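The values are calculated or read from the model by the stated rules, or taken from the named source; none is laboratory data. Since the structure is predicted, the reported quantities are computational estimates derived from the model, not experimental observations. Note that each Cβ is placed from the backbone with ideal geometry, even for glycine, and that neighbours are counted across all protein chains shown. Protein only, heavy atoms only, side chains kept; ligands, DNA and RNA dropped before computing areas. Shrake-Rupley method; radii C 1.70, N 1.55, O 1.52, S 1.80 Å.
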Amino acid sequence: MSPIRSATIVALASAVLATTLTGCSFGAGQEDTSPIVVAVDLELSGAAAPIGKAYQRALKLKVEQLNSSGALGERKMRLDIKDNRSDASESLRNIGDFSSNSKVSAIIMGGCNECAVGAARTINEKRIPTIALAPSGAVANPVAERRYVFKLAPNAADSAGALTSELRRRNIRKVGVLHSDDDYGREGLSALDKELEKAGIKLLRSESVRGTDTEVSQPVRLLTARKPDALIVWTPPEQASLAATSAQQAGFAGSLFLDAAAAGDLFLGSAARSTEKATLIFTQTMVIDDVIATTPAKAARRQWFQDYTARFGGYNGFSSFAADAVQLIADAALRARRAEGTVNRDGIRDVLETSQLDGLSGPIRMTPDNHSGLMPQALTTLVARGGRWRLAG
């Protein structure tokens, strides 16, 4: 076992066990050995299946690591995973089933914005703490109507700010924007519009694509025809790859910029040629093998990257969010007091609302006024080079 891996596991076990000793006992001299059951609603089939399956791999790996590390004491975490088929109605049925199961401590939802927003009312009424991995701001806002809903994904405003800073640094003055025709895409366009105006950068034109579109050449041609200095793509990974290829075929000679939603696999595969030198705003964990592990948090991220890559033969950028969701729920379940034979969902919710974690994704801070915990500092600038993403600079 490497020194970094050993130190990471010891640190994890010590940190989580410390919370166990102070907040998890439910009877004098009696240690809680009940399982921590986390229900999971994922897009394992349908249009969003690629990212759903990446989340599934990450969740299973993280739970396996926690259970084998001894960090949970005598308790074990167990996942109850259901496929929502990339359909909000099916997702809502899953949430209803999960919340009615008294053994379920919390829920993790996948990247479907419509699913998370559509289930918010049920989640609140059933009082079951839920962490969604979907990026739309409406997932966790307004907080008064989302008391039991938390979000772990890059925020549109933070991504737009970081992206615009890079545009300004490179003296880019005119841009076109291709965005997804959904809540997050429209939210991103609005955030970009504000940031670009402040930076004195002109938005020449914007075009949208539906989540089911597999042909994006027409909107890309409309955007590149205006001869922008840069094309900004604010779509899921598959459409971002299509947009890059379409831009290359259209003879676009400007720069390509991608929002965090476009992150996917570390290796770019068939899209390597069209995305070469493209810029991506995402978390450092995606390229942590380019970073010297100078802190325990960086060492943990590097170990996660290595473990995931060794297990699955590659790395998916969104895996860290799923792993951090597991860690947050594990910490909260250990700290929340429970009566014998019951699951303290309200206690878990209360702990989640004030959670602080130097997570695998970056710094995470939840507050009663902010249920979207990923800090702006988690985002950095990556560049496509040699068929994979690298740290810029």
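Among the listed residues R365, R349, R311, identify the single one that is touching a residue at least 60 places away in the same chain (Cβ under 8 Å), open to solvent by 60 Å² or more (accessible area, probe 1.4 Å) and of a type in the set (K, R). Steps first, please.
Working: R365 fails: touching a residue at least 60 places away in the same chain (Cβ under 8 Å); R349 fails: open to solvent by 60 Å² or more (accessible area, probe 1.4 Å).
R311 is the lone residue from the list that is touching a residue at least 60 places away in the same chain (Cβ under 8 Å), open to solvent by 60 Å² or more (accessible area, probe 1.4 Å) and of a type in the set (K, R).
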**Q.** Odd one out for R302, checked against (1) open to solvent by less than 20 Å² (accessible area, probe 1.4 Å); (2) in a helix (DSSP H, G or I)
**A.** (1)
Q. If L328 satisfies every condition in (1) hydrophobic (A, V, I, L, M, F, W, C); (2) within 19 Å of T380 (Cβ to Cβ); (3) in a helix (DSSP H, G or I) but one, which is the exception?
A. (2)
Q | Pair list, Cβ < 7 Å and 6+ apart or interchain, from the range 192-208 residues that are farther than 11 Å from R168 by Cα to residues that are assigned to a strand (DSSP E or B) and of a type in the set (D, E) | A | none
Q.
Looking at the range 69-104 only, could you name the residues that are among the basic types (K, R), part of a strand (DSSP E or B) and surrounded by fewer than 17 Cβ atoms within 10 Å (Cβ to Cβ)?
A. R78
Q: Report, by residue number, each residue of the range 215-224 that is open to solvent by 70 Å² or more (accessible area, probe 1.4 Å) and touching a residue at least 12 places away in the same chain (Cβ under 8 Å).
A: E215, R221
**Q.** Filtered residues of the range 128-164 (kept if surrounded by fewer than 24 Cβ atoms within 10 Å (Cβ to Cβ) and either without any contact (Cβ under 8 Å) to a residue 24 or more places away in the chain or among the aromatic types (F, W, Y) (or both))
**A.** P142, A144
Q. When you scan the range 212-297 for helices (runs of 4 or more DSSP H) that lie fully inside it, which ones turn up with 2 or more residues that are over 26 Å from A191 (Cβ atoms)?
A. 237-249, 272-275
